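Encoded as structure tokens, the structure appears first; notes follow it.
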Amino acid sequence: MVSQKKIPSRKPVQQDEVGNCSTIVNRHRFLLTACILLALLCIIYLYLAVNFGPEDLCSGLSGVQRTQCQWIQAKNLVAKGKYRIL
């Protein structure tokens, strides 16, 4: 007697399991939630960086005047202790 091996058959895939948006959302819920949370945090960070970032007091100046203004700002930051020189 020759024994026949049963080949496991794959479960037939229904059309609604593959292309349905709700199925994709359910399968990737964690990934989508993480992406949405990351996007929200990036938006908050950019908002705070733009609105509460450092002001450029030398923005209207050019050339030597701008360089002198930036030098004075750097000296003031060192004097306040925000930056240390080795």
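Structural remarks
- Output for the range 6-49, where each listed residue is part of a loop (DSSP other than H, G, I, E, B) and at pLDDT 85 or above: H28
- Residue pairs whose Cβ atoms lie under 7 Å apart, separated by 6 or more positions or on different chains, with the first residue in the range 58-86 and of a type in the set (D, E, K, R) and the second surrounded by 10 or more Cβ atoms within 10 Å (Cβ to Cβ) and modelled with pLDDT of 80 or more, are R66/C58.
- Of all residues in the range 21-71, those being aliphatic (A, V, I, L, M), surrounded by fewer than 11 Cβ atoms within 10 Å (Cβ to Cβ) and more than 23 Å from the chain's Cα centre (by Cα) number 1.
The values are calculated or read from the model by the stated rules, or taken from the named source; none is laboratory data. Keep in mind that what you see is a predicted model, and the values were worked out from it rather than measured. All Cβ positions, glycine included, derive from the backbone under ideal geometry; neighbour counts span all protein chains shown.
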